[in-house]
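The next block holds one structure in the form of structure tokens; read it before the comments.
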Amino acid sequence: MNKSGRELPKEVYSVQEAAEVLGVGVNTVYNLAHTRDFPSFKLGKRIVIPRQHFLRWMDRMVEGVPSCDT
């Protein structure tokens, strides 16, 4: 929540949250995070996954286009 008491939209997922969305274990997401095509970055010691990039990545996987160059 912000200072006005409104819920802020979640802009990044944790590894645990991404694993829950994908229905896989956290180790799978950690392995994905170390690949070039998966949208993640380190924030301090945490790996975070930007929500919009994650959703686009999932769309590309469904379409069979793994490259993030689009």
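Exposed loop positions in the chain were taken to be GluC sites (Glu not before Pro) whose DSSP state is not H, G, I, E or B and which have at most 13 other beta-carbon atoms within 10 angstrom. Between these positions, the longest stretch is 12-70.
Taking the chain as a Gaussian network of alpha-carbon nodes connected by springs under 10 Å, the highest mean-square fluctuation of the residues Leu43, Leu55, Leu22 belongs to Leu43. Checking [x] 70, 38, 14; [y] 34, 30, 12; [z] 42, 24, 22 against Cα extents along the principal axes in Å calculated from these atoms, the matching label is [z].
Where a number appears in this text, it was derived from the coordinates with a stated rule and is not lab data. Here the structure is a predicted model, which is why all the values come from computation and not from measurement. Methodologically, a virtual Cβ is constructed for each residue, glycine included, from the backbone with ideal geometry; neighbour enumeration extends over all protein chains shown.
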